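Comments concern the structure below.
The values are calculated or read from the model by the stated rules, or taken from the named source; none is laboratory data. Given the structure is predicted, the values throughout are model-derived calculations rather than measurements. Positions of Cβ are generated from backbone atoms using ideal geometry, with glycine treated the same way; all protein chains shown enter the neighbour counts.
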Amino acid sequence: MLLQAAQEMGIHLSSSWLIGGALSDMVAAWRAGCGRYMVLTGRGRQELVRCWKTGEWGFRVALDLDHAIRALLQMERISGRISVPVWDSW
C-alpha cells in the first residue's frame with residue numbers, strides 16, 4: 001500500500017517518515033524504506049513491548065503524534081531541508 005501510494009503521489013519513500021503505533025506499522029515502513037517513528041498513544045506502549053520481544057527495533061519513539069512531528073520538523077530544520085508535502089485534500 002505504501003509503495004502504491006508513493007508511486008501515485010510522487011513521494012520519495014527514502015526521504016519520508018511513517019508515524020505509527022503498531023509493530024506492523026514499523027515493519028511496513030522498514031520494508032518500504034521509510035524512516036520510522038512509533039508513538040506511545042493508543043496501543044503504542046503494548047506494541048513497543050512486542051517490538052522489544054521480537055527484536056524489531058531501529059526506529060524512533062515519541063510520546064504522541066505531536067511530539068513525533070515536532071521532532072521531525074526540528075531534524076529537518078537542522079539538516080537545512082524542509083520537505084514536508086502539503087496537500088489541500090487533507
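In table form, for the structure just shown:
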read-out: Matching residues in the range 45-66 - criterion: being farther than 11 Å from Ile19 by Cα and in contact (Cβ under 8 Å) with a residue 12 or more places away in the chain; value: Glu47, Leu48, Arg50, Cys51, Thr54, Glu56, Gly58, Leu63
read-out: Where Trp52 falls short, out of the listed (1) exposed (fewer than 12 other Cβ atoms within 10 Å of the Cβ); (2) aromatic (Phe, Trp, Tyr); (3) under 24 Å from Ala5 (Cβ atoms); value: (3)
read-out: Residue list for the range 33-45, filter: assigned to a helix (DSSP H, G or I) and either at pLDDT 95 or above or charged (D, E, K, R) (or both); value: Arg45
read-out: Condition check for Gly80: farther than 14 Å from Leu18 by Cβ and of a type outside the set (Phe, Trp, Tyr); value: yes
read-out: Every residue from the range 11-25 that is within 16 Å of Met1 (Cα to Cα) and in contact with a Leu (Cβ under 8 Å, 6 or more places away or on another chain); value: Leu13, Trp17, Leu18, Ile19, Asp25
read-out: The range 9-49 - residue that is more than 21 Å from Met75 (Cα to Cα) and of a type in the set (Val, Ile, Thr) and, of those, surrounded by the fewest Cβ atoms within 10 Å (Cβ to Cβ); value: Val49
